[in-house]
Amino acid sequence: MKSLKYTVSVLGASSLMLMGGMACHNQGEDSQLSVTQVKHTEVKQQSIGNCWLYAMASWMESLKLNQEEELNVSETYWTYWDWYIKLKRGGGADEISTGGTWRMAVNIINQYGWVSEEEFVSSEGDQIYSSRQKCAEDRINRELKEGGRLFEVERDHDTLISVLNDAFTCNDEIKVDGEAVYQTLAKSSNDTQLVLPGSENVMSMRQMMRSWRTVQNPYRYSPNSAKKLPSTRTMASFKSMEQRIKKALNDHMPVVLGLYVSFNAVDAEGKFNLNSLAKKGSLGSGGGHMIVMHDYTVSNVPELDYLGEGDMDPELKEAALLGDLDYIVSKNSWGANRLDRPWIKNGYSRVDWDYLTKAYVDDEGDFRSFMYDIVLPPGY
């Protein structure tokens, strides 16, 4: 996640709070009824703004867990080739961009495959935080500035590989050679087999990634959008999206979520919500982020009222489809038990559906939505 900072005018904050109203639900701490949970591997902690690659790794590892295979996919390897592509493309920037999208991650995997963390850098095989990525980013940025090997020069293949290898080696005794790993150890997306949870249909990873669909936020943007209530069509689109998410999670599918996170919107329990944001009166620091869904809660369920976190039987999952999505629980890439973010706790983040379906106006008058998009499996 790249850090940005916005402030919202009092009018902007008020507009945000009025767009569709706010759902306020006080969940009982002793709720015994739950809905579903998606299988996930251990939480990691990103050191640079490449959450999208961590989300892709979480997605792949989750699908493999359903095949009783536990992986530790190397986000560092994908970062190496992401930077190769960006640097090869050129441009006058004096800093490497670490941001990306689901589609960019798909393209990297289709071109360069994947390896385990241990196969790329053996010393990182059991680490949840890659200081090497941060070190490599600093080194690449120095090479892009005047006096560096990438400053205003022709960026041929050999030069880029040499610079990247040095950057990712980062004074370690273990010499990184990204090209050698690609040629000898990388598994291609065509040869990697994946199966959707509950299915016996085996697909190549390339086919699987192609079959998942990106669903955009249904808001229709215009200069006056933030001053209006959402249209009936928009609200119906959000309801459809909500149902698709619930059905996919009920079947233990790892749904990918792209969103804008405002750190002024998070409460002491680690949940992003509009009430906390309204109390702050401004967006504060934040930025684009990508995470993978794990669980959800629902309110207003007929005869049951509320269904909380956890996995339960099919009848309760069907009942959950009749309620209103309250909040989503997602595997994050911010690590766990951090002193600087004590609200993260187990490494999972909770985001109100009300937060995701609303929008805000920044200081420059731009209309922005908190939810960017979701990536859903075929059939949902």
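The values are calculated or read from the model by the stated rules, or taken from the named source; none is laboratory data. Worth saying up front: this structure is predicted, and the values here are computed from it rather than measured. Glycine also receives a Cβ, built like all others from the backbone with ideal geometry; neighbour counts cover every protein chain displayed.
Annotations
- So TYR296, is it under 28 Å from ASN110 (Cα atoms) and among the aromatic types (Phe, Trp, Tyr): no
- Residue check for ALA93: more than 21 Å from HIS294 (Cβ to Cβ), aliphatic (A, V, I, L, M) and part of a loop (DSSP other than H, G, I, E, B): yes
- The requirement of being assigned to a helix (DSSP H, G or I) and in contact with an Asp or Glu (Cβ under 8 Å, 6 or more places away or on another chain) is not satisfied by ASN107.
- Within segment 337-377, the set of residues being over 14 Å from the mean Cα position of the chain (by Cα) and at positive phi comprises ASN337, LYS345, GLY365.
- Answer residue from segment 88-108, given it is without any contact (Cβ under 8 Å) to a residue 60 or more places away in the chain and buried (at least 20 other Cβ atoms within 10 Å of the Cβ) and is nearest to CYS51 (Cα to Cα) among those: GLY100
- Filter result (among the aromatic types (Phe, Trp, Tyr) and within 24 Å of the chain's Cα centre (by Cα)) within segment 101-154: TRP102, TYR112, TRP114, PHE120, TYR129
- When segment 124-134 is filtered for residues that are more than 13 Å from GLY335 (Cβ to Cβ) and surrounded by fewer than 18 Cβ atoms within 10 Å (Cβ to Cβ), the ones remaining, listed by number, are GLY125, ASP126, LYS134.
- Qualifying position, being in contact with a strand residue (DSSP E or B) (Cβ under 9 Å, 6 or more places away or on another chain) and assigned by TED's automatic domain parsing to the domain that holds LEU63, among TRP83, TRP102: TRP102
- Test: residue in segment 66-81 that is in contact (Cβ under 8 Å) with a residue 60 or more places away in the chain, loosely packed, with under 15 Cβ neighbours inside 10 Å and touching a Lys or Arg at 6+ places or on another chain (Cβ under 7 Å): no
- Scoring MET312 on the criteria (1) touching a strand residue (DSSP E or B) at 6+ places or on another chain (Cβ under 6 Å); (2) at pLDDT 90 or above leaves a single failure, condition (2).
- Inter-residue pairs, beta-carbon under 7 Å, first in the same structural domain as ASP166 (by TED's automatic domain parsing) and in segment 137-155, second basic (Lys, Arg) and not in a helix (DSSP H, G or I), 6+ apart: GLU143/ARG149; PHE151/LYS145
- Residue within segment 347-361 that is assigned to a loop (DSSP other than H, G, I, E, B), of a type in the set (Ser, Thr, Tyr) and assigned by TED's automatic domain parsing to the domain that holds THR234 present: yes
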